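**Student:** First the structure, which I've put down as structure tokens, then a few questions once you've had a look.
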Amino acid sequence: MSRIKMYLKELEQEALTTRKMLQRVPTDKFSWQPHPKSMTIKRLATHIAELPTWITMAIKTDELDFADNPYQPTDVNTTEELLAYFESSLADGRSELKEENENLLDKDWTLRNGQQIYSVEPKADVIRMSINQIIHHRAQLGVFLRLLDIPIPGSFGPSADDMAF
């Protein structure tokens, strides 16, 4: 199996769980955060929703320089907008996971802030990191939801909330 096919399969599998988790984020709790140093639930959920676009960025560019591209998160104001943003980002990332891009995966991609280089790694690793970040931040979101006493869906099997039924 090509890496492209492997990434596409994994992205589709993770999208199912991510979608279920994002559906649970209540609009009226968007400003909630468990600690002053934590993101708000809106910021965390929006970041999860945008991560599939990093696949496109890794394929179509050779670097991200924060000095030239200050981060501007998309502003969503309802759970419905959050879900629509995730679907749009998913379609965006999926669009570049095509076989003709397999030959680009070993090319280096750089993350920097001006002269400060954070990392230089193959585009394949950036795509892997993007999918891993979806899973990582989704787990964070699960903790946020648990702290709000919102039942969470299972990820790789039933959750404790699923078992209660």
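**Student:** Give the number of residues within region 62-103 that are under 18 Å from R19 (Cα atoms) and of a type outside the set (D, E).
**Tutor:** 16
**Student:** For K42, indicate whether it is of a type outside the set (F, W, Y), out of contact with any strand residue (DSSP E or B) (no Cβ under 6 Å at 6 or more places or on another chain) and either loosely packed, with under 15 Cβ neighbours inside 10 Å or part of a loop (DSSP other than H, G, I, E, B) (or both).
**Tutor:** Values: of a type outside the set (F, W, Y): yes; out of contact with any strand residue (DSSP E or B) (no Cβ under 6 Å at 6 or more places or on another chain): yes; either loosely packed, with under 15 Cβ neighbours inside 10 Å or part of a loop (DSSP other than H, G, I, E, B) (or both): no.
Spelling it out, it is not the case that K42 is of a type outside the set (F, W, Y), out of contact with any strand residue (DSSP E or B) (no Cβ under 6 Å at 6 or more places or on another chain) and either loosely packed, with under 15 Cβ neighbours inside 10 Å or part of a loop (DSSP other than H, G, I, E, B) (or both).
**Student:** Looking only at region 139-151, which residues are in contact (Cβ under 8 Å) with a residue 24 or more places away in the chain, under 20 Å from S31 (Cβ atoms) and either surrounded by fewer than 12 Cβ atoms within 10 Å (Cβ to Cβ) or not polar (S, T, N, Q) (or both)? Working first, answer last.
**Tutor:** Within region 139-151, the first condition is being in contact (Cβ under 8 Å) with a residue 24 or more places away in the chain, and the residues that meet it are 140-145, 147-148, 150-151.
Next, only the ones that are under 20 Å from S31 (Cβ atoms) stay: 140-145, 147-148, 150.
Within region 139-151, L141, G142, V143, F144, L145, L147, L148, I150 qualify.
Each row is one residue, and each column tells you yes or no for (1) over 29 Å from D68 (Cα atoms); (2) in contact with a helix residue (DSSP H, G or I) (Cβ under 7 Å, 6 or more places away or on another chain).
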| site | (1), (2) |
| --- | --- |
| L97 | no, yes |
| V120 | no, no |
| D125 | no, no |
| M129 | no, no |
| L148 | yes, yes |
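**Student:** Restricting attention to helices (runs of 4 or more DSSP H) lying wholly within region 60-165, give those where 1 or more residues are modelled with pLDDT of 95 or more and under 27 Å from M1 (Cα atoms). Lay out the reasoning, then the answer.
**Tutor:** On the way: elements: 79-95, 123-147, 160-163.
Because the criterion is at least 1 residues that are modelled with pLDDT of 95 or more and under 27 Å from M1 (Cα atoms), the helices (runs of 4 or more DSSP H) in region 60-165 that meet it are 79-95, 123-147.
**Student:** Answer yes if at least one residue in region 29-46 is farther than 25 Å from N101 by Cα, free of Cβ contacts under 8 Å to residues at least 12 places away in the same chain and of a type in the set (F, W, Y), and no otherwise.
**Tutor:** No; the residues of region 29-46 include none that is farther than 25 Å from N101 by Cα, free of Cβ contacts under 8 Å to residues at least 12 places away in the same chain and of a type in the set (F, W, Y).
**Student:** While we're on this one: Is there any pair with a first residue in region 1-27 that is under 15 Å from G142 (Cβ atoms) and a second that is among the aromatic types (F, W, Y) and surrounded by 15 or more Cβ atoms within 10 Å (Cβ to Cβ) whose Cβ atoms are under 8 Å apart and which are 6 or more apart or on different chains, and what are they?
**Tutor:** Listed pairs, sorted by first residue: T18/F86; R19/F86; L22/F86.
**Student:** How many of the residues making up region 78-103 are touching a residue at least 24 places away in the same chain (Cβ under 8 Å), more than 15 Å from W54 (Cα to Cα) and aliphatic (A, V, I, L, M)?
**Tutor:** 2
The values are calculated or read from the model by the stated rules, or taken from the named source; none is laboratory data. What you are looking at is a predicted structure, and each value in this text was computed from that prediction instead of being measured. FYI the Cβ positions are ideal-geometry reconstructions off the backbone, even for glycines, and counts take in every protein chain you see.
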